[in-house]
Each structure stands twice: as C-alpha cells, then as structure tokens.
1. With contacts defined as alpha carbon pairs under 8 Å and 6 or more residues apart, what's the relative contact order of region 13-143 in percent?
2. Jot down the per residue volume, in cubic angstrom and as a whole number, of the convex hull over the alpha-carbon atoms of the chain.
3. In nm, give the distance between the simple-model label positions of residue 40 and residue 15, each being 7 Å from the Cα along the Cα-to-Cβ direction.
4. Run through the DSSP bridge list for region 1-118 and note the antiparallel percent, rounded to the nearest 5.
5. Seen from all sides and averaged, what is the projected area of the convex hull of the Cα atoms in region 1-118, in nm²?
6. Which semi-axis lengths, in whole Å and largest first, follow from the square roots of five times the eigenvalues of the Cα gyration tensor of region 122-253?
7. Counting only DSSP beta bridges with both residues in the chain, what percent are antiparallel, rounded to the nearest 5?
8. No solvent, one uniform scatterer per C-alpha: report log10 I(q)/I(0) for region 165-241 via the Debye equation at q = 0.22 1/Å, two decimals.
C-alpha cells in the first residue's frame with residue numbers, strides 16, 4: 001500500500017469496480033495455485049543467475065498494475081491475472097480490461113519483477129535505459145518459463161519493426177516516455193497499443209543474447225545492466241545510438 005499510493009486509492013478502486021472484485025475471487029484462487037510453478041521458475045533462475053531469491057507475495061491490489069519488484073521483494077496483484085475466469089468486466093475501462101492476463105501468466109510476471117529487484121537503481125532517466133530494463137525483465141522471464149511475454153503486443157509490433165525502431169531512435173536519448181511506456185491509461189489516438197517500449201527493449205536484448213557466445217555471461221550482463229549502451233553496441237541495433245565519436249572523426253577527415 002505504501003508503494004501504491006494513499007490507502008484511499010484502494011477504497012476508490014474497490015468501490016468503482018465492485019462487480020469486478022466480487023467476481024474475481026475464484027480467479028484469484030486459481031492464481032494462488034500457481035505458487036509451486038513460481039517457486040520452480042525462481043529455482044531455475046537461481047541456477048543460471050546465483051543470487052538471493054526474491055520473496056514473492058501474491059495479494060489483492062487496486063486493479064492498476066500486475067506487480068512490482070522493489071526492495072528485494074516481489075508483489076503481484078492477483079486480480080490482474082483473472083482473464084477468462086468468468087469475471088464481470090462491465091465496470092472496467094477498456095485500457096484496464098486490456099491489461100488483464102490469464103492465471104498462468106503470473107509465473108513469468110514473477111520472474112519479470114524478480115529481475116527488477118536485481119537491476120541497479122536507475123540513475124540515467126533516458127527512454128532507452130528504461131526500455132532496456134523492461135525488455136531485459138521480459139526476455140529473462142521468457143527464457144526461464146518458456147512463455148512469450150505480451151503476445152498481442154509482440155504480434156502487433158513485429159510487422160512494424162522497422163518503422164517503430166526508426167521512430168524510437170529519434171527519441172531514445174530523451175526523457176519523454178508518453179508514446180512508449182506507462183501509457184495504458186492515456187486516450188488512444190489510433191490502434192497503437194500501450195507500452196511498446198517493452199517490446200523495443202525486448203528485441204534489443206534478444207538480439208544481443210542471440211549473438212553472444214558465452215550465454216551465461218550474456219545473461220548476467222542482461223540482468224545486471226550496468227552499462228546499457230555497451231549492450232546496445234554489441235547488438236544489431238547499435239545504430240540507434242547514432243554515430244560514434246571515432247566514426248564521426250573519420251568522416252570529418
């Protein structure tokens with residue numbers, strides 16, 4: 001509650017979405033049944049990336065996001081994983097309804113948020129770094145669980161990859177996230193989905209990992225993310241960083 005805002009936010013959500021929360025109980029019980037699968041996934045992650053396991057708590061949130069990883073712990077909102085469980089979504093705005101996931105998606109979500117607990121504190125607020133953080137968490141979650149993240153988002157983005165990356169390259173060094181991250185609740189101006197930055201970061205990370213000979217070291221580089229630009233330079237998307245100083249100097253000569 002402390003991380004999610006004032007407690008009144010919870011009461012507002014419960015009051016606004018009464019039918020949703022009432023009908024979600026059976027689905028949240030199904031979510032809780034995924035606990036053994038979460039423990040198994042965390043164990044697999046520990047084999048590839050030895051580190052203290054992030055404790056995972058599944059609770060009831062305020063229908064605003066799937067979860068968070070901070071302070072070495074993972075918190076997941078069970079009501080966001082009840083898609084297809086006979087719930088009443090009539091009170092939910094379309095953007096919130098679109099964020100609901102099936103119960104089994106709580107497993108990769110746990111790994112995604114666990115990766116955030118291992119990542120260094122963000123000191124560079126540029127868009128590129130934030131997208132890489134999210135993309136790294138999504139990629140590792142898929143690597144560990146075998147479940148692709150955000151299938152609908154990826155299916156929309158793949159055929160538009162070239163134009164999306166060209167657009168992203170023009171904004172990658174800025175601090176404006178509106179078109180790329182945390183924009184699910186913003187008014188839609190087209191069929192463009194929210195959080196495309198997750199896919200952008202995922203694609204860069206996936207390409208970097210595919211080129212790496214030492215996969216274990218590459219995985220540590222992805223999770224630790226101590227030098228995001230170096231990782232991009234070692235991927236096929238180095239061009240989004242713009243010309244290097246050496247390259248620019250050669251052209252001037």
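1. Over region 13-143, the number comes to 28 percent.
2. With only Cα atoms used, the chain gives 138 Å³ per residue.
3. 4.4 nm
4. The answer is about 50 percent antiparallel.
5. Answer in nm², one decimal: 7.0.
6. Value: 24, 20, 13 Å, ordered largest first.
7. So the antiparallel bridges amount to about 50 percent of the total.
8. -1.03
Every number in this text was worked out from the coordinates using simple rules, so none of it is lab data. What you see is a predicted model; the values in this text were computed from it and never measured. Note that each Cβ is placed from the backbone with ideal geometry, even for glycine, and that neighbours are counted across all protein chains shown.
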